[in-house]
Amino acid sequence: LTVVRSGGPSCVVSTSSLFLVDLAGSERVKKSGVENTGMDEAISINVSLTALGRCIYAMADKRGKIKPPFRESKLTRLLQTALSGGGRTSLI
């Protein structure tokens, strides 16, 4: 959801974005017993969640020597603007 507001005496344009992501799809393939297409989907979900974890770890690095790997998955690429530090992010 992106909201653009313009106008007022100073003609300032404000843009806001809201990302809602359900990260509850983590699957243990052996435990869930999924096969074929379901297994491919579970593997993709786990790869995306691992990439998200790497991005969060890199951003939390105090030395700042690790560059967040946003290009590793579609999820991290979509959330790059939300995670890059230009706004507020909350994980629930």
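When residues in region 1-24 are screened for being under 20 Å from LEU83 (Cα atoms), modelled with pLDDT under 75 and part of a loop (DSSP other than H, G, I, E, B), 3 of them pass. For region 28-49, a residue qualifies if it is among the β-branched types (Val, Ile, Thr), open to solvent by less than 70 Å² (accessible area, probe 1.4 Å) and part of a helix (DSSP H, G or I), and the qualifying residues are VAL29, ILE45. Scanning region 50-92 for residues that are open to solvent by less than 90 Å² (accessible area, probe 1.4 Å), under 16 Å from VAL21 (Cβ atoms) and among the β-branched types (Val, Ile, Thr) yields THR50, ILE56, THR76, THR89.
The values are calculated or read from the model by the stated rules, or taken from the named source; none is laboratory data. None of these values were measured; they are calculated from a predicted model. Here Cβ is always computed from backbone atoms with ideal geometry, including for glycine, and neighbour counts include all displayed protein chains. Please note that ligands, DNA and RNA were not included when accessible areas were found on the heavy atoms of the full protein model with its side chains. Shrake-Rupley method; radii C 1.70, N 1.55, O 1.52, S 1.80 Å.
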